[in-house]
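To keep things clear, I will list the structure first and then write my remarks on it.
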Amino acid sequence: SQKIEQNSEALNIQEGKTATLTCNYTNYSPAYLQWYRQDPGRGPVFLLLIRENEKEKRKERLKVTFDTTLKQSLFHITASQPADSATYLCALIKAAGNKLTFGGGTRVLVKP
Amino acid sequence: DTGVSQDPRHKITKRGQNVTFRCDPISEHNRLYWYRQTLGQGPEFLTYFQNEAQLEKSRLLSDRFSAERPKGSFSTLEIQRTEQGDSAMYLCASSLEGGVNTEAFFGQGTRLTVV
């Protein structure tokens, strides 16, 4: 069966350091992989998308890599700030417009 | 506010009662999705629509759940004979078919508590 795994343990990190989150999947061939941010009591907010034929994507302090051989995506927050504290979700999608399948999310806490 | 809106934000109901939630997507979006999320978990897919057509329904979805999207605009999700296990956040999202980025825009969710 399809499985998307994110580290369920919270990631505590000092302000200014780089936070690195992992998303591993099995029995899945996604065309796209997306990362979302979710704050408590609110819906997820889209951050970045990376396609199966792309290795790396950047947006401001965020960087995503996608390795279809390893079936893994890494999500980096550089120069982290307390405002980056949230839960980060990875989501896979087989084709444009289809449903998103989410991992369990990783909670990040950036300490000043 | 032109984002996805959900109503109500919170709902407390007694076990066995029926509840209905509403979602208003972004107006030009023809895809609409429903997800359920429990504490500490990621959103779990329930069903999705393209315009008024329901294209997919999760096999995990009990037949107590039904969703509609009349006229391809707003959508409703009804849960009949609620059970305590139905307590969760119900999220609605919309997206544009054929959009290059395929990103989904989520509403704030409806938190259901079954007592």
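Which residue, of B:Phe49, B:Phe105, is free of Cβ contacts under 8 Å to residues at least 40 places away in the same chain and within 14 Å of chain A (Cβ to nearest Cβ)? Every option except B:Phe49 fails the conditions. Elements of the type strands (runs of 3 or more DSSP E) sitting completely within segment B:15-113 and holding at least 2 residues that are touching a Leu at 6+ places or on another chain (Cβ under 9 Å) and either open to solvent by 60 Å² or more (accessible area, probe 1.4 Å) or on the phi < 0 side of the Ramachandran plot (or both): these cover B:19-24, B:31-37, B:44-50, B:65-68, B:75-79, B:88-95.
Restricting to segment A:14-28, what's the tally of residues that are in contact with a Lys or Arg (Cβ under 7 Å, 6 or more places away or on another chain) and in contact (Cβ under 8 Å) with a residue 40 or more places away in the chain?
From segment A:14-28, those in contact with a Lys or Arg (Cβ under 7 Å, 6 or more places away or on another chain) are A:14-15, A:24-27; that's our starting set.
From what's left, in contact (Cβ under 8 Å) with a residue 40 or more places away in the chain: A:14-15, A:24-26.
Here the count works out to 5.
Between B:Gly72, B:Gly16, the distinction of being closer than 21 Å to A:Leu100 by Cβ, more than 10 Å from chain A (Cβ to nearest Cβ) and over 12 Å from the mean Cα position of the chain (by Cα) belongs to B:Gly72 only. Yes or no: A:Leu11 modelled with pLDDT of 90 or more and either within 14 Å of another protein chain (Cβ to nearest Cβ) or on the phi > 0 side of the Ramachandran plot (or both)? Answer is no for this residue.
For segment A:1-105, please list each of the strands (runs of 3 or more DSSP E) lying entirely inside it that holds at least 3 residues being open to solvent by less than 70 Å² (accessible area, probe 1.4 Å) and closer than 20 Å to B:Val4 by Cβ. Reasoning before the result, please.
Details: elements: A:3-6, A:11-14, A:19-26, A:32-38, A:45-51, A:56-59, A:62-67, A:72-77, A:86-93.
Hits in segment A:1-105: A:32-38, A:45-51, A:86-93.
The values are calculated or read from the model by the stated rules, or taken from the named source; none is laboratory data. Remember, it's a predicted structure, so these values are computed and weren't measured experimentally. Cβ atoms come from the backbone with ideal geometry, glycine included; neighbour counts cover every protein chain shown. With ligands, DNA and RNA removed, areas are computed over all heavy atoms of the protein, side chains included. Shrake-Rupley method; radii C 1.70, N 1.55, O 1.52, S 1.80 Å.
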